[in-house]
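S.K.: This is the structure, below, for whatever I ask next.
The values are calculated or read from the model by the stated rules, or taken from the named source; none is laboratory data. Small disclaimer: the values here were computed from a predicted structure and weren't measured. Note that we place each Cβ from the backbone using ideal geometry, even for glycine, and neighbour counts take in every protein chain shown. Remember, those area values only see protein heavy atoms, side chains included, never the ligands or the DNA or RNA. Shrake-Rupley method; radii C 1.70, N 1.55, O 1.52, S 1.80 Å.
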Amino acid sequence: MSQAVKKPLTTLQKSINKNVTVRLKNDVEYHGRMNNIDPYMNVILADASEYTSGNVVANFGKIVIRGNNVLFVKIDDTL
Amino acid sequence: MSQAVKKPLTTLQKSINKNVTVRLKNDVEYHGRMNNIDPYMNVILADASEYTSGNVVANFGKIVIRGNNVLFVKIDDTL
Amino acid sequence: MSQAVKKPLTTLQKSINKNVTVRLKNDVEYHGRMNNIDPYMNVILADASEYTSGNVVANFGKIVIRGNNVLFVKIDDTL
Amino acid sequence: MSQAVKKPLTTLQKSINKNVTVRLKNDVEYHGRMNNIDPYMNVILADASEYTSGNVVANFGKIVIRGNNVLFVKIDDTL
Amino acid sequence: MSQAVKKPLTTLQKSINKNVTVRLKNDVEYHGRMNNIDPYMNVILADASEYTSGNVVANFGKIVIRGNNVLFVKIDDTL
Amino acid sequence: MSQAVKKPLTTLQKSINKNVTVRLKNDVEYHGRMNNIDPYMNVILADASEYTSGNVVANFGKIVIRGNNVLFVKIDDTL
Amino acid sequence: MSQAVKKPLTTLQKSINKNVTVRLKNDVEYHGRMNNIDPYMNVILADASEYTSGNVVANFGKIVIRGNNVLFVKIDDTL
């Protein structure tokens, strides 16, 4: 992993195509492959699973989450 | 499906006339044909059904949803 | 109805003088003739009825709704 | 009353010195003479009465309401 | 009092050094001398009393209230 | 104390290094020395104590509070 | 530590690579090494632990928190 200091939005851009977990403000989580993300944190997830209280409650082929709902994005560093 | 990496808003634009499910922050969902969408995620749905807790509760010929209410847009890739 | 693809705000502009139902974030609905609407979705309704839980609870000759409260605008296509 | 189509903010500007009812997001209502209003919907009410659940609970000589709290402005067309 | 029509923010500017009551969105009220106010409605109150449910619960020599919390400013016209 | 009328943000700038109490929208309060503040009301507090319901619940060497959470800043005029 | 007065965002920038605690509006806290932060307070935490009510409930290799959720950032001055 690079030792260089990257800005948060740059880090997210460099994580495209990694698996991520996106937690929203309503505490629901989405796990999937991050196809893309923009500076507002609008994010495309492919092959996404929706989790509430740790359980999968739905699966989605492709969703676009509106960025203002995002609490955090967890990046899986193990490609 | 294209292998090219598209930005979230571009992906939504390219999905015009597909069927989508729009989930709002209040957990109500709208399923219909996405006639158009703008960068704020204001979205026009035609022949839309409204779902609460998985049940259809209303049908609308045409609605324009204000973008700031959107949690996510799920795209049906099977045209 | 036009087959052309119109942007959400254009669709709303073209619906001026149609009857619409405006649902707000607080789940109250207003039905009336849409005299005008601007890009922020500030909307003028004339001869408006206010509905809560499907019942008319008030009538207004003319109200101007502040756009940020709008959940969606349903357009009555039958002029 | 003019048949011309006016924008929402223009309609509010043309209603200065009319009696209005301003309903806020917290469901409290203020009835009074609208001395002035700006495009953000900051509004000055003179000789205003405050209503909760339809009852007058306070009277104010002059208040300036911050626009972002406004749900709608009802215009009394009978000058 | 002037008969001229003043904009809401101008009216507030012209009320500097008057006594005012500032009600916030959380229903707490602050009464004091308005030392200054800016267009965002950030407001300085001197010799301020804090009221909840009509009772004084605290006194402050000088506070600066962040404008986005303001519901309304009531102006005491009797200098 | 100066008799000149200062803008709210100027008053806050001139109060750097004074002791202040910052109340947040969630009703928690922070008392400490205000090292700095910017126009968005992002504020640095040093040697800060956190209060809930009037009791100290934590102490912090240095915290940076995000401005949009601020309800008000109370300035201790007694240097 | 520098005696110079630094702006809040500058202070955060100068704290990159320090350990911090980030408390969010939902009262959940994240402790970890702050890899980077931008002016919106979007923040990258590495080797982060999530705390609710003072207990560790999860560990994350790397998360990017969206800035608008931040209540405050506590800086550990002991490098």
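S.K.: If amide hydrogens are placed 1.01 Å from N in the peptide plane, which non-local residues have theirs closer than 5 Å to the one on E:PHE72?
M.R.: Residues meeting the amide H criterion: D:ARG66, E:ARG23.
S.K.: Then there's this: ³J(HN,Hα) across segment F:68-73 via Karplus (A = 6.51, B = -1.76, C = 1.60, θ = phi - 60°), whole Hz, x for Gly/Pro?
M.R.: 5, 8, 6, 8, 7, 10
S.K.: Now for a different question. Output wanted: per-residue J couplings in Hz (rounded whole) for segment E:38-55, from phi through Karplus 6.51 cos²θ - 1.76 cosθ + 1.60, θ = phi - 60°, x for Gly and Pro.
M.R.: Per residue, the Karplus-derived 3J(HN,Hα) values read 10, x, 7, 6, 4, 9, 9, 10, 10, 6, 9, 10, 9, 10, 10, 6, x, 10 Hz.
S.K.: Which Cβ of chain D lies nearest the axis of the rotation superposing D onto F, and at what whole-Å distance?
M.R.: Here the value is D:ASN68, 9.
S.K.: Need one value: the accessible area of A:THR10 in square angstrom, 1.4 angstrom probe, rounded to the nearest 10.
M.R.: Near enough 60 Å² of accessible area.
S.K.: Sticking with this one: Longer than 32 Å from Cα to Cα, which of B:LYS25/F:LYS14; D:LYS7/E:LYS74; A:LYS14/B:LYS62; D:LYS25/G:LYS74 are they? Say none if no pair is. Could the numbers behind the result be given before it?
M.R.: On the way: B:LYS25/F:LYS14 42 Å; D:LYS7/E:LYS74 29 Å; A:LYS14/B:LYS62 39 Å; D:LYS25/G:LYS74 34 Å.
Violating the 32 Å Cα-Cα cut-off are B:LYS25/F:LYS14; A:LYS14/B:LYS62; D:LYS25/G:LYS74.
S.K.: Put a dot 7 Å past each Cα toward the Cβ at B:ASP76 and F:ASP47; how far apart are the dots in nm?
M.R.: 6.6
S.K.: Compute the relative contact order of segment E:8-75 as a whole-number percentage, counting only Cα pairs closer than 8 Å that sit 6 or more residues apart in sequence. It would help to have the intermediate numbers written out before the result.
M.R.: On the way: 147 pairs, mean separation 21.9, N = 68.
Contact order relative to length: 32 percent.
S.K.: Between E:ASN19, E:LEU9, E:SER49, whose Cα lies farthest towards the positive end of the dipole of chain E when Lys and Arg beta carbons carry +1 and Asp and Glu beta carbons carry -1, centred on the Cα centre?
M.R.: E:LEU9
S.K.: Nearest 100 Å², what total accessible surface is buried between chain B and chain A (probe 1.4 Å)?
M.R.: Working: alone 5220 and 5210 Å², together 8700 Å².
Heavy-atom accessible area buried at this interface is about 1700 Å².
S.K.: Let me spell out the model: positive unit charges on the Cβ of Lys and Arg, negative unit charges on the Cβ of Asp and Glu, origin at the Cα centre of the protein assembly as shown. What dipole size does that give, in debye rounded to 20?
M.R.: Numbers: 70 positive and 49 negative charges, 355 e Å.
My answer is approximately 1700 debye.
S.K.: Taking θ = phi - 60°, what integer Hz values does the Karplus form 6.51 cos²θ - 1.76 cosθ + 1.60 yield along segment A:26-34, in sequence order, with x for Gly and Pro?
M.R.: Here the 3J(HN,Hα) series is 8, 6, 7, 10, 10, 10, x, 8, 7 Hz.
S.K.: Additional query: Please return the longest range in chain G lying between exposed loop sites, taking trypsin sites (Lys or Arg not before Pro), DSSP loop only, at most 15 other beta-carbon atoms within 10 Å, and leaving the sites out.
M.R.: Answer from the scan: G:19-79.
S.K.: In debye to the nearest 20, how big a dipole does segment B:8-75 give about its Cα centre with +1 on each Lys and Arg Cβ and -1 on each Asp and Glu Cβ? Working shown, then result.
M.R.: Numbers: 8 positive and 5 negative charges, 36 e Å.
Taking the Cα centre of segment B:8-75 as origin, the dipole is about 180 debye.
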